[in-house]
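In what follows, a structure is listed as structure tokens, so that the remarks can point back to it.
The values are calculated or read from the model by the stated rules, or taken from the named source; none is laboratory data. This one's a predicted model, so the numbers in the text were calculated from it and none came from an experiment. Backbone-built Cβ (ideal geometry, glycine too); neighbour counts: all protein chains shown.
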Amino acid sequence: MKPRRKPAAARKPDHFPAENVAEGWDARHLAGHHEFEEFRFVNCDFGGANLSNRRFADCLFERCNLSSAQLAGTALQNVAFAECKLLGLQFTACRDLLFGVHFDQCQLRYASFAGRNMPGTRFVGCGLDDADFMGADLTAAVFENCSLAGAVFQQTRLVAADFTTATGFVIDPETNPLQRARFTLAGLPGVVAKYGLLVE
């Protein structure tokens, strides 16, 4: 039997026609638009906006605020977020079809990814304190230089996930599949905390 291949994340979107660059938009600019493909949003404020049932494909949000935006039935298909404020976002409410996201230097405190299927997802330099990953599939996900204090991992698939540069996490190996997951010695207390062991 062949070993399972690592799931590959889709390539981050990097091609945006000039007419698809939206700078300084707020929720009013979205009125009447439901499909956005190959769009680049720069310095936009969608905080608390209703983004429900819209489709974003191969898009980039750069230095945008989407905190507490509504995502019920929203399609995020290969969407990248860079230096964005995404506090409390309920990614769990998004449409399942082709869901794919990338995060660089984002604030994701209290965000929920519960039940999401997102193997290979990369989180780079993100604040994920108190985020909810309950029941998510994060096979081969990468948490590079991320803070995970208070983040919830329960029945979360973390096979081959990379926590080598992450901090603050507490993960129960009895309730989260962790085969081939990567940790440093400094990160081990977050995995063995429930056993009362001391790692020196």
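What about V192, is it more than 24 Å from F56 (Cα to Cα), surrounded by fewer than 21 Cβ atoms within 10 Å (Cβ to Cβ), modelled with pLDDT under 95 and touching a Gly at 6+ places or on another chain (Cβ under 6 Å)?
Against the criterion (more than 24 Å from F56 (Cα to Cα), surrounded by fewer than 21 Cβ atoms within 10 Å (Cβ to Cβ), modelled with pLDDT under 95 and touching a Gly at 6+ places or on another chain (Cβ under 6 Å)), V192 does not qualify.
Sort through A151, A111, A186, A181 and tell me the only one that's touching a helix residue (DSSP H, G or I) at 6+ places or on another chain (Cβ under 7 Å) and either touching a residue at least 12 places away in the same chain (Cβ under 8 Å) or not assigned by TED's automatic domain parsing to the domain that holds Q90 (or both).
Details: A151 fails: touching a helix residue (DSSP H, G or I) at 6+ places or on another chain (Cβ under 7 Å); A186 fails: touching a helix residue (DSSP H, G or I) at 6+ places or on another chain (Cβ under 7 Å); A181 fails: touching a helix residue (DSSP H, G or I) at 6+ places or on another chain (Cβ under 7 Å).
Of the residues listed, the single one that is touching a helix residue (DSSP H, G or I) at 6+ places or on another chain (Cβ under 7 Å) and either touching a residue at least 12 places away in the same chain (Cβ under 8 Å) or not assigned by TED's automatic domain parsing to the domain that holds Q90 (or both) is A111.
Looking at (1) in a loop (DSSP other than H, G, I, E, B); (2) of a type outside the set (A, V, I, L, M); (3) farther than 18 Å from G115 by Cβ, which is the one condition that is false for P177?
Unmet condition: (3).
Which numbered condition in (1) surrounded by 21 or more Cβ atoms within 10 Å (Cβ to Cβ); (2) without any contact (Cβ under 8 Å) to a residue 40 or more places away in the chain is the only one that A80 fails?
(2)
Consider region 50-63. How many of its residues are not aliphatic (A, V, I, L, M) and not in a loop (DSSP other than H, G, I, E, B)?
5
Select the strands (runs of 3 or more DSSP E) contained entirely in region 64-152, then report the ones holding at least 2 residues which are more than 25 Å from N176 (Cα to Cα) and at pLDDT 95 or above.
Of the strands (runs of 3 or more DSSP E) lying wholly inside region 64-152, those with at least 2 residues that are more than 25 Å from N176 (Cα to Cα) and at pLDDT 95 or above span 75-77, 79-82.
Going by the conditions given, is A75 in the same structural domain as G135 (by TED's automatic domain parsing), among the aliphatic types (A, V, I, L, M) and surrounded by fewer than 21 Cβ atoms within 10 Å (Cβ to Cβ)?
No: the conditions fail for A75.
Can we say T175 is out of contact with any Gly (no Cβ under 6 Å at 6 or more places or on another chain), under 21 Å from E83 (Cα atoms) and surrounded by fewer than 21 Cβ atoms within 10 Å (Cβ to Cβ)?
No: the conditions fail for T175.
For region 9-49, how many residues meet the condition of being touching a residue at least 24 places away in the same chain (Cβ under 8 Å) and assigned to a strand (DSSP E or B)?
1
If I ask for residues that are farther than 22 Å from R55 by Cβ and of a type in the set (F, W, Y), which ones from region 96-142 would you list?
Matches in region 96-142: Y110, F123, F133.
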